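S.K.: Below you will find the structure I want to go over with you.
The values are calculated or read from the model by the stated rules, or taken from the named source; none is laboratory data. Treat the numbers as computed from the prediction; the structure is a model and nothing was measured. Using ideal geometry, Cβ is built from the backbone for each residue, glycine included, and neighbour counts are taken over all protein chains shown.
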Amino acid sequence: MAKKYRYIPRMEATSVREMLETTVSAHPDVDAYQFKEPGSDEIRHVTFREFNEITENLGAALTEMGYGKAHIACVGENSFDWICAYITVLKSAGVFVPVDKDLPTDDKIHVLTESDASVLFFSDKFEPWVRENMKALKGIKCFIGFSVEKDDKKIKSYKALIEKGAQLSREEYDSLRSDPNELKLMVYTSGTTGIAKGVMLSEHNLTSVIVNALYVTQIFGKSLSILPYHHTYEGVLDIIGCIFEANTLCINSSLKRIVKDLQEYKPTQIFIVPAIAEFMYSSILKNIRQQGKEKSFNGAVLLSRSMRKIGVDLRPVLFKTLRSVFGGDLVKIICGGAPIRPEIGKFFDDIGINLIGGYGITECSPLVSVNDEKSLTYDTVGYALPCTEIKIDSPNEEGIGEILVKGDTVMLGYYKQPEKTAEVLTEDGWFSTGDYGYINKKERLVITGRKKNIIVLSNGKNIYPEEIEGYIQDIPYVEEVIVKGHKNESGEEVGLDAELYLSEPHDEADVLKDIQKKLSILPMYKNVSRVEIRTEPFPKTSTNKIKRQY
């Protein structure tokens, strides 16, 4: 797959330690983090110099205890302390294991056991859980509580460790180095299709994805972190990316506070997933309709588009009130993990905010491709990173096949699961993503759907439900939708059903009529013949993706 985009000159980096030390040297007094302590309304500012000092002290203490090369896990909500533990371990010769805080107890225990973690950092909310499950966590030799004030027989105080480290020599910690091509970060998949697998990422994977992503697109100024830190999209691209670029990272305390935090921190960029983009888009349009401003908004959009054609950008003036919802300074939304609907991208572009779409998967650290913001498209996920190759396996007559990836961001494999690794990773390095798509005439990648979600009708037609769901999602009152096949008595899939959660009550017959009208531009075999209306939202993953139950 060719690389057609404009390269942005970048410095190189071979380790996370080097990234942080370079930034501290060049920008010591720039805010690395802004956040609120629990129970406080005051924003705390931490410079890169201060942040590095904390990681050095914590690292010295862990090394003195014999954990400089250990597998170290962390469970808890997003916080500054979480980041400190994370970067401290990445700077050492150890391995960091982020744990999804929303996993059931048995799954958490599985991750902590199978990962060979010997140290566990945890937040205040998880102290009761830790004390209750200590006997089951036999491999954990050291429990460290972020909010524990004093050491006791079972748990050590995070704050006390940092204070202790300040009195110790840093020489041994600073001398620790990992082989850049060996395991550094172990991220467990959600386990929705079976037992969670530990994705093994090297430090070379992590530095490669940051440097190469920034060849294509830019991050700058101030970012508001929203997604969970155990997710590689946030934990790698946003956290490590901001260190590399000397950007300030503001920490959102909860999803309920996103709007307030946007307005208070006034970020220039945010990293989100498509589900959050969908929510923002539908909420804004709903408010516009409820206020009776749909006609005036559409008129402003038409005026703006016509003026932009002659080089005049009125968006900051025409949509000032609307942009203030995002704090007023937001210029860029990076949306990754899956494709976004073109109409959502166009909407944000119309109001003067770039919505940059990309495609990623945990096993690729996580980024595979991203759009060049100077030649932005909303129906593709852009070009492969400079350090990766993409090819389509066994394409059909439409050019659609499974997406394979090879390059510097591809994982080492699944931890202690060579059979599972062999199923997706060839000896010469090609990784099977499980996603289907094609490469268009401009060499950009287009995603059509997940391999496991494909519906094969009795007439032999392959249906990618995500495509149809995108059209249905554009109906104003549709909050969530899943398209699935319905079977005849012989078990053959002969048609399509839509299961929906609506924002307001509607009769099934009317819903079906609206859906069929929306899908009328597609071939008949892609139309929906039955609907089912849910009374509750679909169950979600920690990144707000719907869990498909069929």
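S.K.: Give the residue, chosen from 536, 508, 532, 469, that is acidic (Asp, Glu), under 19 Å from residue 282 (Cβ atoms) and surrounded by fewer than 16 Cβ atoms within 10 Å (Cβ to Cβ). Talk me through it step by step, then tell me what you get.
M.R.: Working: 508 fails: under 19 Å from residue 282 (Cβ atoms); 532 fails: under 19 Å from residue 282 (Cβ atoms); 469 fails: surrounded by fewer than 16 Cβ atoms within 10 Å (Cβ to Cβ).
Just a single option satisfies the conditions, and that option is 536.
S.K.: Determine whether region 46-61 contains at least one residue that is assigned by TED's automatic domain parsing to the domain that holds residue 148, acidic (Asp, Glu), modelled with pLDDT of 95 or more and over 30 Å from residue 263 (Cβ atoms). Lay out the reasoning, then the answer.
M.R.: Residues of region 46-61 assigned by TED's automatic domain parsing to the domain that holds residue 148: 46-61.
Then drop every residue that is not acidic (Asp, Glu), which leaves 50, 53, 56.
From what's left, modelled with pLDDT of 95 or more: 50, 53, 56.
If we keep only those that are over 30 Å from residue 263 (Cβ atoms) as well, we get 53, 56.
Yes: one or more hits.
S.K.: Just to be sure, is residue 267 closer than 24 Å to residue 544 by Cβ and in contact with a Ser or Thr (Cβ under 9 Å, 6 or more places away or on another chain)?
M.R.: Working: closer than 24 Å to residue 544 by Cβ: yes; in contact with a Ser or Thr (Cβ under 9 Å, 6 or more places away or on another chain): yes.
Judged against the criteria, residue 267 is a match.
S.K.: What pairs come up if the first residue lies in region 221-232 and is under 22 Å from residue 199 (Cβ atoms), the second is assigned to a loop (DSSP other than H, G, I, E, B) and small (Gly, Ala, Ser), and their beta carbons are under 8 Å apart, counting only those six or more places apart or on different chains?
M.R.: 228/542; 230/542; 231/542; 232/365
S.K.: Okay, moving on. I'd like the full set of residues that are assigned to a helix (DSSP H, G or I) and either among the charged types (D, E, K, R) or at pLDDT 95 or above (or both), limited to region 245-262.
M.R.: First, pick out the residues of region 245-262 that are assigned to a helix (DSSP H, G or I): 245, 255-262.
Residues satisfying the conditions are 245, 256, 257, 260, 261, 262.
S.K.: Output the helices (runs of 4 or more DSSP H) that fall wholly within region 104-216 and possess 2 or more residues being of a type outside the set (Asp, Glu) and without any contact (Cβ under 8 Å) to a residue 40 or more places away in the chain, or say none. Give the derivation first.
M.R.: Working: elements: 105-114, 127-132, 158-165, 171-175, 203-216.
So the answer is 105-114, 127-132, 158-165.
S.K.: Still on this structure, I have one more. Among the numbered conditions (1) touching a helix residue (DSSP H, G or I) at 6+ places or on another chain (Cβ under 7 Å); (2) buried (at least 19 other Cβ atoms within 10 Å of the Cβ), tell me where residue 123 comes up short.
M.R.: Of (1) touching a helix residue (DSSP H, G or I) at 6+ places or on another chain (Cβ under 7 Å); (2) buried (at least 19 other Cβ atoms within 10 Å of the Cβ), only one is false for residue 123: (1).
To keep it simple, each residue is scored yes or no on (1) touching a helix residue (DSSP H, G or I) at 6+ places or on another chain (Cβ under 6 Å); (2) within 18 Å of residue 88 (Cα to Cα); (3) not assigned by TED's automatic domain parsing to the domain that holds residue 321.
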site: 203; (1), (2), (3): no, yes, yes
site: 208; (1), (2), (3): no, no, yes
site: 214; (1), (2), (3): no, no, yes
site: 234; (1), (2), (3): no, yes, yes
site: 246; (1), (2), (3): yes, yes, yes
site: 250; (1), (2), (3): yes, no, yes
site: 276; (1), (2), (3): no, no, no
site: 284; (1), (2), (3): no, no, no
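S.K.: Looking at 314, 355, 330 in this structure, which one is more than 30 Å from residue 445 (Cβ to Cβ), of a type outside the set (S, T, N, Q) and surrounded by 15 or more Cβ atoms within 10 Å (Cβ to Cβ)? Let's see the steps before the verdict.
M.R.: Values: 355 fails: more than 30 Å from residue 445 (Cβ to Cβ); 330 fails: more than 30 Å from residue 445 (Cβ to Cβ).
Result of the check over 314, 355, 330: 314.
S.K.: Might you let me know whether region 394-404 holds any residue that is under 23 Å from residue 211 (Cβ atoms), outside the structural domain of residue 231 (by TED's automatic domain parsing) and either surrounded by 15 or more Cβ atoms within 10 Å (Cβ to Cβ) or out of contact with any strand residue (DSSP E or B) (no Cβ under 6 Å at 6 or more places or on another chain) (or both)?
M.R.: Narrowing region 394-404 to residues under 23 Å from residue 211 (Cβ atoms): 403-404.
Pick out the ones that are also outside the structural domain of residue 231 (by TED's automatic domain parsing) and you get 403-404.
Retained after the next criterion (residues that are either surrounded by 15 or more Cβ atoms within 10 Å (Cβ to Cβ) or out of contact with any strand residue (DSSP E or B) (no Cβ under 6 Å at 6 or more places or on another chain) (or both)): 403-404.
Scanning region 394-404 turns up at least one residue that is under 23 Å from residue 211 (Cβ atoms), outside the structural domain of residue 231 (by TED's automatic domain parsing) and either surrounded by 15 or more Cβ atoms within 10 Å (Cβ to Cβ) or out of contact with any strand residue (DSSP E or B) (no Cβ under 6 Å at 6 or more places or on another chain) (or both).
S.K.: Checking residue 49 against (1) over 24 Å from residue 175 (Cβ atoms); (2) in a helix (DSSP H, G or I): exactly one of these is not met. Which one?
M.R.: Residue 49 satisfies every listed condition except (1).
S.K.: Can you name every residue in region 236-293 that is more than 22 Å from residue 187 (Cα to Cα) and of a type in the set (D, E, K, R)?
M.R.: 245, 256, 257, 260, 261, 264, 266, 278, 286, 289, 293, listed by residue number.
S.K.: Any chance you could count how many residues in region 25-38 are in contact (Cβ under 8 Å) with a residue 24 or more places away in the chain and either over 26 Å from residue 253 (Cβ atoms) or within 26 Å of the chain's Cα centre (by Cα) (or both)?
M.R.: Pass one, region 25-38, residues in contact (Cβ under 8 Å) with a residue 24 or more places away in the chain: 26-27, 30-36, 38.
When the remaining residues are screened for being either over 26 Å from residue 253 (Cβ atoms) or within 26 Å of the chain's Cα centre (by Cα) (or both), the result is 26, 30-36, 38.
The total comes to 9.
S.K.: Continuing with this model, one more query. Within region 482-505, is there a residue that is in the same structural domain as residue 524 (by TED's automatic domain parsing), among the β-branched types (Val, Ile, Thr) and in contact with a helix residue (DSSP H, G or I) (Cβ under 9 Å, 6 or more places away or on another chain)?
M.R.: So the first thing to find is which residues in region 482-505 are in the same structural domain as residue 524 (by TED's automatic domain parsing), and the list is 482-505.
With among the β-branched types (Val, Ile, Thr) added as a condition, the list becomes 482-483, 494.
Now narrow it down to the ones that are in contact with a helix residue (DSSP H, G or I) (Cβ under 9 Å, 6 or more places away or on another chain): 482-483.
Yes, that holds for at least one residue.
S.K.: Related question: For region 503-536, name all the residues that are among the small types (Gly, Ala, Ser) and over 23 Å from residue 279 (Cα atoms). Reasoning before the result, please.
M.R.: Step one: filter region 503-536 for residues among the small types (Gly, Ala, Ser), giving 503, 509, 520, 529.
Result: 509, 520, 529.
S.K.: Which of the following residues is basic (Lys, Arg) and more than 26 Å from residue 205 (Cβ to Cβ): 452, 442? Write out each step before concluding.
M.R.: On the way: 452 fails: more than 26 Å from residue 205 (Cβ to Cβ).
442 is the lone residue from the list that is basic (Lys, Arg) and more than 26 Å from residue 205 (Cβ to Cβ).
S.K.: Still on this model: Being crowded, with 19+ Cβ neighbours inside 10 Å, assigned to a strand (DSSP E or B) and not hydrophobic (A, V, I, L, M, F, W, C) is true for just one of 437, 485, 495. Which residue is that?
M.R.: Numbers: 485 fails: crowded, with 19+ Cβ neighbours inside 10 Å; 495 fails: crowded, with 19+ Cβ neighbours inside 10 Å.
Answer to the selection: 437.
S.K.: Checking residue 73 against (1) assigned to a helix (DSSP H, G or I); (2) closer than 30 Å to residue 261 by Cβ; (3) in contact (Cβ under 8 Å) with a residue 40 or more places away in the chain, only one condition comes out false. Which one?
M.R.: (1)
S.K.: Hey, another quick one. So in region 447-480, with the set limited to residues that are of a type in the set (A, V, I, L, M) and touching a Gly at 6+ places or on another chain (Cβ under 9 Å), which one is farthest from residue 359 (Cα to Cα)? Lay out the reasoning, then the answer.
M.R.: Kept after step one, since they are of a type in the set (A, V, I, L, M), are these residues of region 447-480: 447, 454-457, 463, 468, 472, 475, 478.
Retained after the next criterion (residues that are touching a Gly at 6+ places or on another chain (Cβ under 9 Å)): 447, 455-457, 463.
Working: 447: 8, 455: 22, 456: 25, 457: 28, 463: 21 Å.
Checked region 447-480; the qualifying residue farthest from residue 359 (Cα to Cα) is 457.
S.K.: Please state which one of 132, 172 is in the same structural domain as residue 96 (by TED's automatic domain parsing), over 27 Å from residue 100 (Cβ atoms) and at pLDDT 95 or above.
M.R.: Of 132, 172, the one residue that is in the same structural domain as residue 96 (by TED's automatic domain parsing), over 27 Å from residue 100 (Cβ atoms) and at pLDDT 95 or above is 172.
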